[in-house]
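Where a number appears in this text, it was derived from the coordinates with a stated rule and is not lab data. Computed from a prediction, not measured in an experiment: that's the story for all the values here. Cβ placement follows ideal geometry from the backbone for every residue including glycine, while neighbour counts extend to all protein chains displayed.
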Amino acid sequence: MIQSTLRRRVGGFTPALVAALVFGASTPVAAQVDGPRSPDITTPEAFLGFEIGADYHLATYQQLMDYWEVLAEESDRMTLRSIGDSEFGRPQLQAVITSPENHANLDRYREVSATLARARGLNETEARALASEGRAVVWIDGGLHATELLGAQQLMQLVYDMVSLEDDETLRFLDDLVVLATHANPDGHDLVADWYMREDEPTRRTSSGVPDLYQKYAGHDNNRDFYMANLAETQNMNRVMYTEWYPQIVYNHHQTGPAGTVMFAPPFRDPMNHYLDPMLKTSLDQVGSAMHQRFIVEGKGGTGMRSTAGYSTWWNGGLRTTPYFHNQIGLLTETIGHPNPIDIPFIPRWQISSADLPLPIEPGPWHFKQSVDYSQTANRAVMDYASRNREHLLYNMWRMGMNSIERGSADSWTVLPFEIDAAQDEVNRGDRGDWERLLRAPEDRDPRGFILTADQPDFSRVEKFVNVLLMNGVEVHQASADFSVAGTTYPAGSYVVRADQAFRPQVLDMFEPQQHPNDFAYPGAPPTAPYDNAGWTVALQMEVEFDRVLDAFDGPFQPVEGFRIDMTAAAIEGPASGAAGFLADHRATDAFVLVNRAMAQGGDVYWLTESITVDGQSYPEGAFFFDGESLRGLLADGAAETGVALRAVAERPAASAMRLRPVRIGLWDRYGGSMPSGWTRFVLEQFEFDYEVVYPPELDAGDLRDSYDVLIFPDGAVPSGTGGGGFGQGNSASLLAELPEELRDRVGNVSVDRTVPEILAFIEAGGTAVAVGSSTALGFHAGLPIADYMVDESGEPLSSEEYYTPGSVHNVKIEAGSPVTHGLGERVNVMHSHSPVFQVDENATNVRVLAWYDSEHPLLSGWAWGQEKLQGGASMLEADIGAGKLFLFGPKITFRGQSHGTFPLLFNGIYYGTAQRDVMF
């Protein structure tokens with residue numbers, strides 16, 4: 001009876017709105033952008049032969065490039081440019097879209113956006129005047145994760161709509177905005193689209209089984225690179241976002257939405273990173289609300305927020321999250337859809353309206369074109385908000401930047417989660433607490449800046465860290481003369497990073513520890529997993545030495561110009577000719593570049609196994625000796641390029657040594673590509689190690705010692721149990737017969753029964769194996785006298801309620817005694833992410849501990865619930881097996897190309913196993 005009454009009362013409403021009112025659910029509605037269009041603009045269907053979003057069709061990146069060139073010729077609303085080349089050399093395109101009148105003043109609008117973003121030197125009146133003059137800059141991208149097929153396709157539709165539509169709303173957008181339509185991954189787009197379209201019969205098309213990572217090194221981790229900027233595409237985008245255009249909104253498209261819905265869009269859940277300006281959170285919520293409101297107005301149900309997915313504003317590093325640390329509103333949506341029609345499943349809990357899912361959607365069939373339409377609604381909601389709030393966005397970016405400058409210019413405190421926990425404990429004990437004592441202790445105030453002294457062993461690593469900062473738009477200075485701060489004298493050439501700058505959140509996040517709150521849904525609940533890492537402090541991962549300065553300071557500081565710097569050139573000291581050879585300090589990681597170059601040229605290189613002093617210069621254990629005057633030219637060029645200092649010596653050093661031999665390296669990978677393996681490739685190439693990729697079928701074939709001296713097994717290569725085998729991640733055996741012949745020898749996984757015996761035979765015959773992360777299971781398969789340290793009294797693995805450590809930076813104690821630890825010092829910071837920890841039998845004779853947790857508090861940055869349980873556990877091991885070596889590194893020593901402090905462990909392991917030992921000069 002109630003429903004009948006309602007139906008009578010809403011007889012004039014649309015069916016979608018009736019469904020929303022009666023059932024709280026909607027059926028799909030067409031996009032609201034079908035206004036008048038210019039007849040002079042080529043349609044996607046006319047150019048491609050199909051409409052964007054058509055079932056069983058994908059446009060390739062080449063087609064996108066060709067089409068955008070046509071649109072740029074036909075429209076005066078758009079200019080097309082390449083922001084740089086991809087890793088495989090494709091131009092990475094960006095369409096700059098605004099009104100013809102704005103195009104005539106584009107340089108001025110870019111200058112206005114940059115001036116407001118940097119904030120310095122502007123008062124409020126001047127900022128408001130610039131905000132009134134400027135145009136809001138909105139970044140909308142697509143294609144970052146290439147197997148999320150919607151992103152690049154919807155971007156093509158966006159560009160077409162913006163250059164062809166003639167409706168009043170679109171014209172308003174063009175007047176008020178500069179839209180940067182940016183393709184985020186050209187290589188991946190072509191790889192995946194070509195793979196999908198390879199079948200002539202449309203219904204046989206599939207995006208499954210793509211043979212390689214869709215970014216040369218990182219695959220899906222290309223969205224984990226934005227604070228580090230290792231990858232060419234990341235550098236291209238960072239340059240635009242943080243040194244050129246400074247968009248106020250950065251909208252990053254992803255797939256797929258939560259099952260039973262269509263899309264996730266902000267607002268996001270807690271926790272919020274403690275360095276972010278509070279205005280950022282409220283701005284995010286406003287834009288997110290505007291997006292959801294537009295979907296409801298258009299009758300498009302199924303868009304959720306907050307609790308419908310796990311995204312927060314804690315983590316730095318993603319295309320939509322790194323902007324937060326630059327006072328930019330970073331948005332992410334996750335949307336369902338595929339060229340092959342799908343169904344929205346029936347998930348009962350998503351069929352009732354709630355604050356986080358205002359308008360559910362009915363289960364049923366779903367087509368790719370509907371996803372493209374939803375994407376355009378989201379794009380237009382963002383542009384509409386930016387248009388209506390143009391001056392607010394521009395002014396607010398200045399305000400947040402000025403807030404950072406003011407906080408960095410005075411005593412300020414960041415309230416941290418564990419400080420609140422301690423304060424609450426006092427209150428719980430009946431003591432109201434002295435809030436200033438608890439939260440405003442003078443020694444706990446935020447630093448006014450950081451000094452990276454020039455007189456540290458690996459200054460090249462410092463300059464690589466400086467590049468990380470510069471590629472994120474951080475202002476860096478360098479001392480032109482010696483100077484003193486707080487009683488410490490620093491040499492000329494030292495770098496200074498001040499906190500009184502607009503991007504202060506990024507500065508603090510790169511130097512200071514993250515302190516993730518203890519996140520539990522209720523007392524006794526399992527931990528609520530963070531979206532990505534809990535801690536990542538790059539200065540700690542890169543092991544650069546720096547001083548925190550708590551008071552105002554100044555000195556002979558000059559700004560460092562440019563998006564990145566070259567390494568400060570070093571020279572060869574000592575005799576100018578007739579040298580017996582040349583010495584390099586092992587603590588300089590780029591010394592391995594010189595080692596690899598010298599050996600590639602046929603030179604002899606030695607690794608000293610004891611400390612020496614030459615001409616008053618002390619070298620710890622591990623110094624490299626390059627034998628002979630003939631290497632001078634190569635080394636001089638290398639020193640100038642890498643910044644590694646070298647010393648020519650008249651005589652060979654009187655020290656024991658190992659003679660290094662050229663090494664044949666095999667790096668495990670699998671069909672479809674492994675991200676840890678891809679990052680390892682990146683690291684090896686950066687330091688000029690030659691290697692071959694080894695797939696499981698080759699490992700299974702045996703006789704590995706004939707082809708390789710070292711095998712590297714990154715995280716995820718070796719199974720922990722008795723399993724293994726199979727076609728490969730994300731594939732099925734039925735696809736094997738359909739693969740091109742040249743790809744079939746990649747198919748398979750490492751198996752315990754077949755592959756592991758061949759690996760162990762390789763080691764026993766004198767080979768070296770390096771296993772990282774979960775692949776350290778190889779040590780258990782080898783029968784080494786080791787056990788899992790993280791177990792309870794009954795031998796069962798600790799539960800997450802007892803011990804939980806997502807990706808976080810820990811500190812471990814180095815055990816001297818093995819050359820594998822040369823160059824590291826007494827302690828090292830490691831990326832610990834659910835990493836294995838070992839118990840070594842006290843009677844073991846063939847296993848040596850390389851590093852262990854010697855403290856109840858090894859956590860430096862992030863979250864480690866129950867971290868005290870790590871104390872006493874071994875983190876890294878070296879084992880003798882037959883005539884060979886097995887190295888087990890529990891932490892991720894090449895983590896995403898970030899953990900420079902632990903790279904030497906891999907490089908040392910590569911050369912140590914095959915080196916000729918006990919050489920005496």
Counting only DSSP beta bridges with both partners in the range 52-186, the antiparallel fraction in percent, to the nearest 5, comes to 60 percent
Taking only C-alpha pairs under 8 Å that are 6+ residues apart, what is the relative contact order of the range 448-559 in percent?
40 percent
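So for the range 572-659, considering every pair of alpha-carbon atoms, how many percent are separated by more than 16 Å? Walk me through the numbers before you get to the answer.
On the way: 1689 of 3828 pairs.
Result: 44 percent of Cα pairs exceed 16 Å.
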For LEU646, residues with placed amide H under 5 Å, excluding near neighbours:
ALA571, GLU573
Cα-based Debye curve of the range 633-693 sampled at q = 0.13, 0.24 Å⁻¹ gives log₁₀ I(q)/I(0) of -0.60, -1.07
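Using 0.36 nm per residue, how much length does the chain from ARG827 to ALA600 gain when fully extended, once their Cα-Cα distance is taken away?
Working: separation 227, 0.36 × 227 = 81.72 nm, distance 3.23 nm.
Length difference between fully extended and current span is 78.5 nm.
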Net +/- balance of residues flanking GLY773 in space, Cβ distance below 13 Å, scoring K and R +1, D and E -1
+1
Once you have the Cα-Cα distance between ALA650 and ARG108, take 0.36 nm times their residue separation minus that, and quote the gain in nm to one decimal.
189.0 nm
Assuming 1.306 mPa s and 10 °C, estimate D for the range 550-600 with Stokes-Einstein, Rh taken as the Kirkwood radius over Cα pairs, in µm²/s.
104 µm²/s
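If you wrap the range 363-489's Cα atoms in a convex hull and average its projection over all directions, what's the area in nm²?
Computing the convex hull of the Cα atoms and averaging its projections yields 17.2 nm².
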With axes computed from alpha carbons, what is the tilt in degrees of helix 106-118 against the longest principal axis of the chain, rounded to the nearest 10 within 0 to 90?
60 degrees
Based on the alpha carbon coordinates of the range 62-213, what radius of gyration and maximum Cα-Cα distance (Dmax) apply, in Å?
18.4, 63
List the trypsin sites (Lys or Arg not before Pro) within the range 122-218 that DSSP assigns to loop and that have no more than 16 neighbouring Cβ atoms inside 10 Å.
ARG198
Could you list, in their original order, any pairs among LYS216/LYS892; LYS216/LYS464; LYS216/LYS813; LYS813/LYS892 whose Cα atoms are separated by more than 26 Å?
LYS216/LYS813
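Using alpha carbons only, what's the Rg to Rh ratio of the range 117-161 with Rh from Kirkwood? Don't skip to the answer; put the middle values down first.
Details: Rg = 17.3 Å, Rh = 13.5 Å.
On the Cα set of the range 117-161, Rg over Rh gives 1.29.
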On the Cα set of the range 665-920, report Rg and Dmax in Å, please.
18.0, 59
Karplus ³J(HN,Hα) for the range 604-611 (6.51 cos²θ - 1.76 cosθ + 1.60, θ = phi - 60°; Hz, whole; x = Gly/Pro) runs 9, 10, 10, 10, 6, 9, 9, 6
³J(HN,Hα) across the range 808-813 via Karplus (A = 6.51, B = -1.76, C = 1.60, θ = phi - 60°), whole Hz, x for Gly/Pro?
8, 8, 10, 10, 10, 8
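Suppose R0 equals 22 Å; then what is the FRET efficiency for ASP200 and GLN62 from their Cβ-Cβ distance, rounded to the nearest 0.05?
Details: r = 19 Å, r/R0 = 0.85.
The computed FRET efficiency comes out at 0.75.
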Once amide hydrogens are built 1.01 Å from N within the peptide plane, the residues lying 5 or more places from LYS892 or on another chain with amide H under 5 Å from its amide H are MET831, SER833
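Express in nm, to one decimal, how much length is gained between GLU742 and ALA521 on full extension, taking 0.36 nm for each residue of separation and deducting their alpha carbon distance.
Details: separation 221, 0.36 × 221 = 79.56 nm, distance 5.01 nm.
Extra length available between GLU742 and ALA521 comes to 74.5 nm.
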For the range 195-283, listing GluC sites (Glu not before Pro) in a DSSP loop whose Cβ sees at most 16 other Cβ atoms within 10 Å gives GLU199
Hey, any idea what Rg/Rh is for the range 220-281, computing Rh the Kirkwood way over Cα pairs?
1.01
Using Cα-only point scatterers and the Debye equation, what is log10 of I(q)/I(0) for the range 410-563 at each q in 0.08, 0.20, 0.21 Å⁻¹, rounded to two decimals?
-0.30, -1.27, -1.35
FRET efficiency, ILE420 to GLU692 (Cβ-Cβ, R0 41 Å, nearest 0.05)
0.20
Given 25 °C and 0.890 mPa s, compute D for the range 312-359 with the Stokes-Einstein relation, Rh being the Kirkwood radius over Cα pairs; round to the nearest whole µm²/s.
176 µm²/s
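Taking the chain, how much of its Cα-Cα pair set, in percent, is spaced more than 51 angstrom apart? All intermediate terms of the calculation are to be shown ahead of the outcome.
Working: 91212 of 423660 pairs.
So the pairs more than 51 Å apart make up 22 percent of the total in the chain.
With both partners inside the chain, how many of the DSSP beta bridges are antiparallel, as a percent to the nearest 5? Working shown, then result.
On the way: 80 of 119 bridges.
So the antiparallel bridges amount to about 65 percent of the total.
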Bin width 20 Å, alpha-carbon pairs only: give the P(r) of the range 44-403 as whole percents, running from 0 to the bin holding the largest distance.
31, 61, 8, 0
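Compute the relative contact order of the chain as a whole-number percentage, counting only Cα pairs closer than 8 Å that sit 6 or more residues apart in sequence. Before the final figure, lay out each step's value.
On the way: 2060 pairs, mean separation 98.9, N = 921.
Here the relative contact order equals 11 percent.
In deg cm²/dmol and to the nearest 500, what is the mean residue ellipticity at 222 nm of the chain if only DSSP H runs of at least 4 residues count, each as -39500 (n - 2.57), divided by the residue total? It would help to have the intermediate numbers written out before the result.
On the way: 27 runs with 275 residues, N = 921.
-9000 deg cm²/dmol, from helical runs alone.
Please sort 850-860, 581-591 by packing, taking for each peptide the average over its residues of neighbouring beta carbons within 10 angstrom, highest first. Working shown, then result.
Values: 850-860: 20.3, 581-591: 25.1.
Ranking, from highest mean packing down: 581-591, 850-860.
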In nm, to one decimal, how far is the modelled label at ASP270 from the one at SER800, with both set 7 Å along Cα→Cβ?
2.0 nm
Once phi is turned into ³J(HN,Hα) by the Karplus curve 6.51 cos²θ - 1.76 cosθ + 1.60 with θ = phi - 60°, what whole-Hz value does each residue of the range 328-336 show in order, with x for glycine and proline?
10, 7, x, 10, 9, 10, 10, 10, 6
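Taking every DSSP beta bridge with both residues inside the range 665-920, roughly what % is antiparallel (nearest 5)?
On the way: 27 of 42 bridges.
Within the range 665-920, antiparallel bridges account for around 65 percent of the total.
For an R0 of 41 angstrom, estimate the FRET efficiency from the Cβ-Cβ distance between GLU124 and VAL427 and round to the nearest 0.05.
Details: r = 39 Å, r/R0 = 0.95.
Computed FRET efficiency for GLU124 and VAL427 comes out at 0.60.
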Scan the range 626-677 for GluC sites (Glu not before Pro) in coil per DSSP, keeping those whose Cβ has at most 13 other Cβ atoms within 10 Å, and list them by number.
GLU651
